[in-house]
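Engineer: My structure is below; once you've seen it, I'll send some questions.
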Amino acid sequence: MDELTAQLDRVHRERASAERAARAIQAELERARAQSGAVAVPDREQASQVLTMAERTADTHLGEAQREAHDVLSDARSAAQQITGDALTNADALERDARQRHNEAMSGLEAERVAAQHQIEDLEAFGREYRSRLTAHVESHLRDVGETDEVKP
């Protein structure tokens with residue numbers, strides 16, 4: 001973007017320079033015309049030739065300046081379009097990458113959640129089994145204690 005701004009500034013400077021040159025040539029042309037009226041008849045032909053040459057030179061410089069300004073503006077527009085296109089392409093790529101990383105992270109979290117849920121279910125089953133066995137073991141000891149009390153009388 002800075003490059004485009006610099007190029008546009010350069011175009012404006014060159015255009016202003018070309019316009020100044022055209023105005024200077026135009027002023028010279030007007031001076032030549034003014035002097036041609038005051039010149040004697042034999043010098044009129046020479047003044048007319050100088051005037052014609054000055055007009056051609058002015059037209060040439062002005063045409064070149066306009067072509068160059070047009071070319072520079074065209075180049076600046078092309079560069080701006082290229083920069084904009086590249087920026088959009090980069091933005092799209094960044095967005096795609098971000099979405100992909102998000103999806104991968106979400107998939108990973110889902111897998112971790114499922115694994116944790118299985119662990120919880122396994123621990124709950126283990127807890128139930130452990131309580132059941134402990135209860136059976138305690139009841140077995142209580143029966144054994146109860147049987148020994150009956151034998152003692």
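Engineer: Does the range 51-62 include one or more residues that are assigned to a helix (DSSP H, G or I), touching a residue at least 60 places away in the same chain (Cβ under 8 Å) and surrounded by 10 or more Cβ atoms within 10 Å (Cβ to Cβ)?
Structural biologist: no
Engineer: Could you check the range 42-81 and list, in sequence order, the residues that are among the basic types (Lys, Arg) and under 17 Å from Ala16 (Cα atoms)?
Structural biologist: Listed by number, the list holds a single entry, Arg67.
Engineer: To continue, here is another question. Within the range 23-34, is there a residue that is within 44 Å of the chain's Cα centre (by Cα) and part of a helix (DSSP H, G or I)?
Structural biologist: Within the range 23-34, one or more residues are within 44 Å of the chain's Cα centre (by Cα) and part of a helix (DSSP H, G or I).
Engineer: Could I ask something else about it? Of everything in the range 64-82, what is within 17 Å of the chain's Cα centre (by Cα) and surrounded by 14 or more Cβ atoms within 10 Å (Cβ to Cβ)? Give them in sequence order.
Structural biologist: If the condition is that a residue be within 17 Å of the chain's Cα centre (by Cα) and surrounded by 14 or more Cβ atoms within 10 Å (Cβ to Cβ), then Ala79, Ala80 are the ones that fit.
Engineer: Another question about this same structure. So which residues in the range 27-36 are within 23 Å of Arg67 (Cβ to Cβ) and either touching a Gly at 6+ places or on another chain (Cβ under 6 Å) or loosely packed, with under 15 Cβ neighbours inside 10 Å (or both), if there are any at all?
Structural biologist: Hit for the range 27-36 is Ala27, nothing else.
Engineer: With in contact (Cβ under 8 Å) with a residue 12 or more places away in the chain and either assigned to a helix (DSSP H, G or I) or closer than 30 Å to Ala27 by Cβ (or both) as the only criterion, which of Ser107, Ser132, Ser48, Ser140 stands out?
Structural biologist: Sole residue among the options that is in contact (Cβ under 8 Å) with a residue 12 or more places away in the chain and either assigned to a helix (DSSP H, G or I) or closer than 30 Å to Ala27 by Cβ (or both): Ser48.
Read-outs throughout are calculated quantities, based only on the coordinates presented, and are distinct from any laboratory measurement. Please read all numbers here as calculations on a predicted model, not as lab measurements. No Cβ is skipped: glycine too gets one built from the backbone with ideal geometry, and neighbour counts run over all protein chains shown.
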